[in-house]
Amino acid sequence: MIEVLSPSTEEMDRGLKKETYARHGVPEYWMALAEQEAIEVYRLDSAAGAYRLIATYRRGDRVATPLLPGLSIDVAQIFAA
């Protein structure tokens, strides 16, 4: 699941939506923070029933996930104008 945060939706995305996805077992949740040009990657801790922040990626980084082998995304490309 990937959410693009904006000031008007950030509270809902970090709260209710994140809790709902965890409750339904979505294994990974990415938040794209446009103003910071960063991607936060959260992984579900099934024992706790909640997400843990795994990493924050910024320009110059590549985002990858073991859930999709071979996928590698250049953060700069996500936020390119």
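Side notes on the structure shown:
- So Thr9, is it modelled with pLDDT under 90 and out of contact with any strand residue (DSSP E or B) (no Cβ under 7 Å at 6 or more places or on another chain): yes
- Checking each residue in the stretch 24-81 for being surrounded by 15 or more Cβ atoms within 10 Å (Cβ to Cβ) and in contact with a helix residue (DSSP H, G or I) (Cβ under 8 Å, 6 or more places away or on another chain) picks out Tyr29, Met31, Ala32, Glu37, Ala38, Ile39, Tyr42, Leu44, Tyr51, Tyr57, Asp61, Val63.
- Qualifying positions in the stretch 25-81 - modelled with pLDDT under 95 and of a type in the set (Lys, Arg): Arg59
The values are calculated or read from the model by the stated rules, or taken from the named source; none is laboratory data. What you are looking at is a predicted structure, and each value in this text was computed from that prediction instead of being measured. Neighbour counts are summed over all protein chains in view; Cβ atoms, including those assigned to glycine, are modelled from backbone coordinates with ideal geometry.
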